[in-house]
Amino acid sequence: MTDQKATISRRNVLRGLLFTAASVPFGLTLASCATGGGGETETGAGPTGELSDTNPFGMVENSTIDAVIFDGGYGVDYVQFAAAILAENHAGSTATVESSTQIATQLQPRFVAGNPPDLIDNSGAQLIGFSTILDQLEDLTDVIDAPNLEGTTIRDTLYVGVLAPGTFDGKLAALNYVLTVYGVWYSASLFEANGWDVPTTWAEAKELGALAQAQGLYLFCWGTEAATYYQTLAIDSAIKEGGDEVRLALDNLQEGCWSLPAVQAVFTAMKEIIDAGYMKPGGSGTQFTAAQAQWSFDQAALLYPSGSWIENEMKTQTADGFEMTGVPSFPVTADSAFPATALHSTAGESYIVPSDAANVEGGKELLRTMLSKDAATNFSKEKLALPIVKDLVPADGFGSTALVSQTDLLAAAGEDIFTHGFVDLYGTNADQLVIWNTFLDGSKSVADLTADLQAITDRIREDDSITKIEVQ
C-alpha cells in the first residue's frame, strides 16, 4: 500500500462545539486502501427482525448482543445500565457487556477472524486505528436519524458538531459518546477560605505559587503515568497565546514547531515554577492517582491539569467540601491571540458497530438506548461528565460543582473552542512521558525539553511508513 495523505479542514474558532476523537482529528479524509479483496463490507450480515418505531433497525427477537467497552475513567456500568433498559424494552433479548483495557490487542484478532463484537467502545491507549478497519464498520447515520426511546430524533438531541470526529469520507463510522473539557482544576472552597484569586495567566499562577509556598503548600503536583497532562496544558496554553499558527505547526509536525515563541514562553513559565520549588517533588516516582490524591484529598497542591474525567476518577479520594472547579488553561499574557475563556474541548469514547458482527441490529439498538434520555442522564449523574446528548444537567449539576463548571466553561467559551490531535494520532505519549517526568522533576532545561520533543516530531515526519495527516 502506498503512503497515504489525508486532509482535514479545521477552524480554530468554531461555530458551536466541534470536537475530535481521541484517535484522529475530525473531518479526516482517508485514501482508499483495499484489504482482503477491498470494498465496503455489506451491511447487516445477520438475520433481520421486523421494523417498527420501537425497533427501528429490525433487531430479531430474543437477541444476544455482544458489547466490549473500554474500562477507563468512566468504567462500563453506564453501558450495563443501558443494557438493562434494552432488556426491559425487548423481552427475551440480552446484552453482555465485557470490559477491556486493551481494545486493539483483544479485538483485532476477532476482526481478522470475521467475528467482532456487535458494539465496541474503541478507546484508550490500546485502541484500533480507524484507517485499518474503516471499511469494516457500519455507517451509523441510521442511528442518529432514529428516534430515541422518548420518540425524539436522536440527531436533534445532540450538541452541535459532535458527529464530525467520527465522520470519514462522508461515512459516520463512529459516535463519540462523551464530551471532555480540558483545563486546570482547583478547590473553590480552599481558594475562598484563603482569599486567593484563580490565575488567568502564567504570571498570576507563579504569584499564586509563592502564596502557596508561604503556607507550606505547592502550586502543582504530578504522577509518573500522567506527566504529559502538563504537556497538554502547555500545548493548550501555547495555542491560546499564539493562535492557529501554533496548533497547525504542532499538528502538522513542522520543523521547529516546539521552538515557536508561544511554546517557548509557556515552557519558560513552567520552568520558572519548577525552579522556584512550586511543583511538589517526587512525582516521577508516584503513581498518578496517588499524586492526584495529594491534590484532591490532602490538598497539598492547589492546582491540577486534567480533562473533566478527573472528578469521577477521584470521587473516592476527594476531601469533603472540596468544590472541584475548572478554569481554562492559562495563556502567557493578557493580550493573547485567543481570549482567556477559550477552551480545549473534544469528544471521546468512540463507539463503533462492525459490519461483520453477528448482531449488527442489536449493536445499533444498544447504542440507540445509550443515546436516549434516561441512559444519557444516568451517565451524566453517575460519571459527573457530559455525554453528547444536550440539556441533561440540572442547575445544581446533580450536586457536582465540577459538572456545573464544565457547562459554565463551555458557555463562556462560546465559539472559542479548539483541539489538537497529533499526540494520539501518532502514538507519541509513551515516549513523551519520559521527557516530561524529567522536566517536571527539574532535571531538564527548556532547551532539553524542546530538543527532545522536536526529535520525536521529526522522527515521525521523516518516516515514510507512517501515514501523515495534513491539518489546514
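Search region 254-284 for residues being in contact with a strand residue (DSSP E or B) (Cβ under 7 Å, 6 or more places away or on another chain) and among the aliphatic types (A, V, I, L, M), and hand back the single one that is farthest from PHE220 (Cα to Cα).
For region 254-284, the residue satisfying everything is ILE273.
Going by what's in this entry, would GLN213 be described as under 30 Å from LYS315 (Cα atoms), surrounded by fewer than 16 Cβ atoms within 10 Å (Cβ to Cβ) and of a type in the set (S, T, N, Q)?
Answer is yes for this residue.
Considering only region 189-224, how many residues are within 30 Å of SER123 (Cβ to Cβ) and in a helix (DSSP H, G or I)?
The number of residues fulfilling the criteria is 1.
Can you say whether ASP251 is surrounded by 22 or more Cβ atoms within 10 Å (Cβ to Cβ) and of a type in the set (D, E, K, R), as far as the supplied structure shows?
So ASP251 passes the test.
Which condition number does THR141 fail, the rest of (1) more than 22 Å from THR318 (Cα to Cα); (2) more than 23 Å from the chain's Cα centre (by Cα) being met?
(2)
Here is a check on your reading of the model: is ALA358 out of contact with any Leu (no Cβ under 9 Å at 6 or more places or on another chain), modelled with pLDDT under 95 and surrounded by fewer than 23 Cβ atoms within 10 Å (Cβ to Cβ)?
So ALA358 fails the test.
Please indicate, with yes or no, whether at least one residue in region 430-448 is surrounded by 16 or more Cβ atoms within 10 Å (Cβ to Cβ) and under 19 Å from the mean Cα position of the chain (by Cα).
Among the residues of region 430-448, at least one is surrounded by 16 or more Cβ atoms within 10 Å (Cβ to Cβ) and under 19 Å from the mean Cα position of the chain (by Cα), which makes the answer yes.
Residues of region 443-471 being more than 20 Å from LEU260 (Cα to Cα), touching an Asp or Glu at 6+ places or on another chain (Cβ under 9 Å) and not hydroxyl-bearing (Ser, Thr, Tyr), which ones?
Answer for region 443-471, where residues must be more than 20 Å from LEU260 (Cα to Cα), touching an Asp or Glu at 6+ places or on another chain (Cβ under 9 Å) and not hydroxyl-bearing (Ser, Thr, Tyr): ASP464, ILE466, LYS468, ILE469.
LEU175 versus (1) farther than 24 Å from THR101 by Cβ; (2) buried (at least 17 other Cβ atoms within 10 Å of the Cβ); (3) in the same structural domain as ILE388 (by TED's automatic domain parsing): which is the lone unmet condition?
So LEU175 meets the others, but not (1).
Does at least one position in region 415-434 carry a residue that is assigned to a loop (DSSP other than H, G, I, E, B), of a type in the set (Val, Ile, Thr) and closer than 20 Å to GLY243 by Cβ?
Yes, that holds for at least one residue.
Keeping to region 296-335, report how many residues are within 17 Å of ALA203 (Cβ to Cβ), polar (S, T, N, Q) and surrounded by fewer than 22 Cβ atoms within 10 Å (Cβ to Cβ).
1
Is it fair to say SER306 is of a type in the set (S, T, N, Q), closer than 19 Å to ALA265 by Cα and at pLDDT 95 or above?
no
Restricting to region 113-148, count the residues that are surrounded by 18 or more Cβ atoms within 10 Å (Cβ to Cβ) and not in a helix (DSSP H, G or I).
Here the count works out to 16.
Working only within region 352-410, note down all residues that are among the small types (Gly, Ala, Ser) and over 21 Å from the mean Cα position of the chain (by Cα).
Listed by number, the residues that qualify are SER355, ALA357, ALA358, GLY362, GLY363, SER372, ALA395, GLY399.
I'm trying to understand the selection: among the residues of region 378-401, which are modelled with pLDDT of 95 or more and among the aromatic types (Phe, Trp, Tyr)?
Across region 378-401, the qualifying residue is only PHE379.
For every residue, the table says whether it meets (1) over 16 Å from the mean Cα position of the chain (by Cα); (2) modelled with pLDDT of 95 or more.
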| residue | (1), (2) |
| --- | --- |
| SER99 | yes, yes |
| LEU107 | yes, yes |
| PRO116 | yes, yes |
| SER131 | yes, no |
| LEU137 | yes, yes |
| TYR159 | no, no |
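In region 284-295, what count of residues is obtained for those that are farther than 24 Å from GLY397 by Cα and either surrounded by 23 or more Cβ atoms within 10 Å (Cβ to Cβ) or outside the structural domain of GLU207 (by TED's automatic domain parsing) (or both)?
Here the count works out to 1.
Given THR346, THR407, which one is of a type in the set (Ser, Thr, Tyr) and buried (at least 24 other Cβ atoms within 10 Å of the Cβ)?
Selected residue: THR346, the only one of THR346, THR407 that is of a type in the set (Ser, Thr, Tyr) and buried (at least 24 other Cβ atoms within 10 Å of the Cβ).
Would you confirm, using the coordinates I've provided, whether ALA210 is in the same structural domain as ALA301 (by TED's automatic domain parsing) and in contact with a Pro (Cβ under 8 Å, 6 or more places away or on another chain)?
no
Within the group VAL327, VAL353, which residue is outside the structural domain of THR200 (by TED's automatic domain parsing), touching a residue at least 40 places away in the same chain (Cβ under 8 Å) and of a type in the set (Val, Ile, Thr)?
Every option except VAL353 fails the conditions.
Please find, within region 158-177, the residue that is nearest to SER350 (Cα to Cα) out of those that are outside any loop (DSSP other than H, G, I, E, B) and out of contact with any helix residue (DSSP H, G or I) (no Cβ under 8 Å at 6 or more places or on another chain).
GLY166
Would you call ALA95 of a type outside the set (Asp, Glu), surrounded by fewer than 22 Cβ atoms within 10 Å (Cβ to Cβ) and at negative phi?
It is false that ALA95 is of a type outside the set (Asp, Glu), surrounded by fewer than 22 Cβ atoms within 10 Å (Cβ to Cβ) and at negative phi.
The values are calculated or read from the model by the stated rules, or taken from the named source; none is laboratory data. Remember, it's a predicted structure, so these values are computed and weren't measured experimentally. Positions of Cβ are generated from backbone atoms using ideal geometry, with glycine treated the same way; all protein chains shown enter the neighbour counts.
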